[in-house]
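Shown next, in structure tokens, is the structure this report addresses.
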Amino acid sequence: MVRNAHIRRFRNQWQWRLTKRVMRVRTPSTTLVNPDGFAFSDSEKAESLAGSLGTQFQSVTDHSVLTVIEMVDVALKSYFLTPDSDLN
């Protein structure tokens, strides 16, 4: 009897998993809009996203910005090297 109950439980779990898998509604992949129109395939989406990120994030070449970054870096280093008693 215990064996039959175990088999019944296994069948119920198997049927439930199969039903869930069959009844699952898959979320369609969204489309992206690129300059050429819509990107439907994964490769088109990847190229569109890479192009967008490439235009958004450019390396810093402006020397005034580099100078400010360097000044902030020096200030942070001196702040963290200062003993706590000197901060008050």
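The values are calculated or read from the model by the stated rules, or taken from the named source; none is laboratory data. Everything quoted here is computed from the prediction, not taken from an experiment. All Cβ positions, even for glycine, are placed from backbone atoms using ideal geometry, and neighbour counts span all protein chains on display.
Summary of computed values
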| read-out | value |
| --- | --- |
| Members of the range 12-29 that are at pLDDT 75 or above and either assigned to a loop (DSSP other than H, G, I, E, B) or loosely packed, with under 10 Cβ neighbours inside 10 Å (or both) | Lys20, Arg21, Val22, Met23, Arg24, Val25 |
| Failed item, numbered, when Leu32 is tested on (1) exposed (fewer than 10 other Cβ atoms within 10 Å of the Cβ); (2) at pLDDT below 80 | (1) |
